[in-house]
Amino acid sequence: MTALTLSTAGAATLRADAIVVGVAKGARGPVVAPGAEAVDKAFDGKLAAILETLGSTGAEGEVTKLPAPSGLKAPVVLAVGLGPVPAKGEAYASEPLRRAAGTAARALSGTKKAGFALPVDETGDIEAVTEGALLGAYAFTAYLGGEKNAKKGDNGPKLPLAEIALLGAKPRDKAHKAAADRAIALTEEINRARDLINTPPNDLTPEAFAAVATAAGKENGIKVQVLDEKALAKGGYGGILGVGQGSATPPRLVRLAYTHPQAEKTLALVGKGITYDSGGISLKPAGHNETMKCDMSGAAAVFAAVVAAARLGLRVNVTGWLALAENMPSGAATRPGDVLRMYSGKTVEVLNTDAEGRLVLADAITRASEEKPDVIVDVATLTGAMVLALGNRTFGIMSNDDAFRTSVHEIAGEVGEASWPMPLPADLRKGMDSPIADIANMGERMGGGLVAGLFLKEFVGEGITWAHLDIAGPAFHEGAPYGYTPKGGTGSAIRTLVKLAERTAVSA
Ligand code: BES
Ligand code: MN
Ligand code: ZN
C-alpha cells in the first residue's frame, strides 16, 4: 500500500524522485496550474513555454517528464494534464484533479517517492488528489512469481509508487488532515475490493470471500454472520441455493452490520457476489466468460462500503448483504425449466440459468427487507443489456422512487462516478409471466436491464425505498488504464455508496 502524507515541504526542497505538477489546457497553449509556483520559478518562470515546446497541451491524460532544473532537490518534474483551464473565478473540479493525480501515480510506478504539487486550495481538492493518487498507485501483484517480480524493468511488473508527499496541504490543519484521512480509508477499501475482484475464481470461492469478510469485520468492529449451505437450506433460500447447487464450492449469504449508537437511520446494501459466472447449464459461449470472475463486483462494493463506513465512524447503521455463489453447470445444477421456491415464498421458473444474479439478489433483498431498513440499495453486474445501453464506464440506476433515483445519480456525480437514471416500465413485467410459477427469471430481450430491475423490485419489502445499480459496464476495465482506473476490477459504485451513507448519517 502506498503511503501518503501531507507535507509542509516546498516543492523545491523536497527530497524525492520526482515532483508532480499540473498543466492545464489554456486558450493559447498550456498553463501551469496552481501549486507549482516554486517549480515554475526554478525554471525561471518558463515551465509553460518549455512544456509547449515539448508538445504538451494540458489535455487530460497527458504526461510530460522533464529533467529538473538545478534549483530542485528532485531530479525529475512530471507534468500531468488537467484538461481545460477552469472558467474565470472557478476552481478546478474534483474529477479532473482525481484523474490527473491517478495518471501521475501510474506514470511513476516503479519509483519510490514523489511530491505532488497539484492545486489543493480547498479541502475538497485534497480529498480528490489523495483519492486519485492512491487509486492510481494500484497494482495487482499477488499472482506474479518471485522470478518475474525480481525482473523489474524488463517484463517484470513495476511496483506502485511507494510514497507520496502531498504538498501545499497542512498536516496540522484539522480539515486538511480529515480530508486526507477519509480519502486514505476509502481508497484502501476500494483497492481491497479491486483485489477481491481480480483474484481468480479458483481461489476466491464464496467460502473464501466470506472468510475475508469475517476477518475484516472483526478488525473493524462490524458484526458478521455467515449462512453456509446448510443454514441456507434450513432458511429456505431457494434462489441462492438454486444458483450455487451446480458448483463444487457451495454458496454463502454474509450479513455485515455496522451500527452507530447515535444513528437514526439504517441503510441496507445488497451485493451480487457470483464468484464466477459460467452461465450454468445455459452456458456462456467462449468470449463471454473470460472475465466473469468480476461477477462478484457488487458484493465487493458492498463489503468495501460497509468497512469504509465503519472506519469513518459514520453516524448511520449500514448493513451489508453479500449474496455469494458460483454459477456452474453440472449434474447437480439448476436446469432451464426448473422452478425455485425463493426465500420470499415466491416461485420462479428458471428459463435461463445465466440470469442468475437476480435470483441470488432476490433472496438477499427479501432477507434485508425483513429488518425494515430505511433504504435498500443493491449493486450488481447484472446485465449485458445495461452495457449495451450505457457503455463501459457508466452504471444504470433504477428505483421504486424517482426522487431517490435522482439523488443517487447526483451523489454519484459528486464523487466522480458516471451513472444514468433508467426507468422501470411496468409493461415489461408481463414478459416474465410464467404458466407454472409466480414469475420467470427472464422476460423480453429488449430492455433486458430494465426487465432485471423489474424482477428485483418484486422482492423489495412493502414501503421500503430501493435503488438498483447495474454496474456491469464499469465494474471491470478491459482497456488501457486511464486516470485512476487500472485494468481489471475498478471498485465501481463504492464512492457513491459511501457518500450515500454519509448523507444518510446524522452529522457529527
Ligand atoms: N453476469 C452477467 C452480466 C454481465 C455481462 C456482467 C457483461 C458483466 C459483463 C449476468 O449474469 C448475465 O449473464 N446476464 C444475462 C441475462 C440474460 C440471460 C437474461 C445477460 O445480460 O445476457
Ligand atoms: Mn449470468
Ligand atoms: Zn452474472
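The values are calculated or read from the model by the stated rules, or taken from the named source; none is laboratory data. Worth saying up front: this structure is predicted, and the values here are computed from it rather than measured. When we count neighbours, we look across all protein chains shown, and the Cβ atoms used for this are built from the backbone with ideal geometry, even at glycine. Calculation scope for accessible area: heavy atoms of the full protein, side chains included, ligands and nucleic acids excluded. Shrake-Rupley method; radii C 1.70, N 1.55, O 1.52, S 1.80 Å.
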Original post:
Taking LYS346, is it touching a residue at least 60 places away in the same chain (Cβ under 8 Å), surrounded by 17 or more Cβ atoms within 10 Å (Cβ to Cβ), within 16 Å of ligand 3 (Cβ to nearest atom) and among the basic types (Lys, Arg)?
Top reply: no
Original post:
Among SER297, SER330, which is in the same structural domain as SER434 (by TED's automatic domain parsing), more than 16 Å from ligand 3 (Cβ to nearest atom) and of a type in the set (Ser, Thr, Tyr)?
Top reply: SER330
Original post:
If we keep just the residues of the stretch 432-443 that are out of contact with any strand residue (DSSP E or B) (no Cβ under 7 Å at 6 or more places or on another chain) and open to solvent by less than 80 Å² (accessible area, probe 1.4 Å), which is nearest to ligand 3 (Cβ to nearest atom)?
Top reply: MET442
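Might you check whether a residue that is farther than 30 Å from THR2 by Cβ, open to solvent by less than 20 Å² (accessible area, probe 1.4 Å) and part of a loop (DSSP other than H, G, I, E, B) occurs anywhere in the stretch 467-477?
Going through the stretch 467-477, the residues farther than 30 Å from THR2 by Cβ turn out to be 467-468, 470.
So of that shortlist, the ones also open to solvent by less than 20 Å² (accessible area, probe 1.4 Å) come out as 467-468, 470.
Then keep just the ones that are part of a loop (DSSP other than H, G, I, E, B); that gives none.
The answer is no, given that none of the residues of the stretch 467-477 is farther than 30 Å from THR2 by Cβ, open to solvent by less than 20 Å² (accessible area, probe 1.4 Å) and part of a loop (DSSP other than H, G, I, E, B).
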Original post:
Has the stretch 37-54 got any residue that is assigned to a loop (DSSP other than H, G, I, E, B), in contact with a Phe, Trp or Tyr (Cβ under 9 Å, 6 or more places away or on another chain) and not β-branched (Val, Ile, Thr)?
Top reply: no
Original post:
Of the residues that sit in the stretch 239-294 and are open to solvent by 30 Å² or more (accessible area, probe 1.4 Å), closer than 24 Å to PHE455 by Cβ and β-branched (Val, Ile, Thr), which one is nearest to ligand 3 (Cβ to nearest atom)?
Top reply: THR291
Original post:
Is there a residue in the stretch 448-461 that is open to solvent by 40 Å² or more (accessible area, probe 1.4 Å) and assigned to a loop (DSSP other than H, G, I, E, B)?
Top reply: yes
Original post:
Does VAL387 satisfy the criteria of being within 19 Å of the chain's Cα centre (by Cα), modelled with pLDDT of 95 or more and either more than 29 Å from HIS477 (Cα to Cα) or open to solvent by 20 Å² or more (accessible area, probe 1.4 Å) (or both)?
Top reply: yes
Subject >> Filter result for ALA325 (of a type outside the set (Ser, Thr, Tyr), away from ligand 2 (no atom under 13 Å from the Cβ) and at negative phi) >> reply: no
Subject >> Selection from the stretch 59-78 of residues that are open to solvent by less than 20 Å² (accessible area, probe 1.4 Å) and either among the aromatic types (Phe, Trp, Tyr) or in contact with a helix residue (DSSP H, G or I) (Cβ under 8 Å, 6 or more places away or on another chain) (or both) >> reply: THR64, LEU66, LEU72, VAL77, LEU78
**OP:** Name the single residue, out of those in the stretch 283-295 being over 25 Å from the mean Cα position of the chain (by Cα) and aliphatic (A, V, I, L, M), that is nearest to ligand 2 (Cβ to nearest atom).
**Re:** LEU283
**OP:** Looking only at the stretch 300-327, count how many residues are away from ligand 3 (no atom under 14 Å from the Cβ) and more than 14 Å from the chain's Cα centre (by Cα).
**Re:** 14
Original post:
What pairs can you find where one residue is in the stretch 130-144 and touching a residue at least 40 places away in the same chain (Cβ under 8 Å), the other is part of a loop (DSSP other than H, G, I, E, B) and among the small types (Gly, Ala, Ser), and their Cβ atoms are less than 8 Å apart, with a gap of 6+ or different chains?
Top reply: GLY132/GLY483; LEU135/GLY491; GLY136/GLY483; ALA137/SER109; ALA139/SER109
**OP:** Name the single residue, out of those in the stretch 135-165 being loosely packed, with under 12 Cβ neighbours inside 10 Å and in contact with a helix residue (DSSP H, G or I) (Cβ under 8 Å, 6 or more places away or on another chain), that is modelled with the lowest pLDDT.
**Re:** ASN155
Subject >> Matching helices (runs of 4 or more DSSP H) fully within the stretch 330-443 where at least 3 residues are more than 16 Å from ligand 2 (Cβ to nearest atom) and within 20 Å of GLY273 (Cα to Cα) >> reply: 357-370
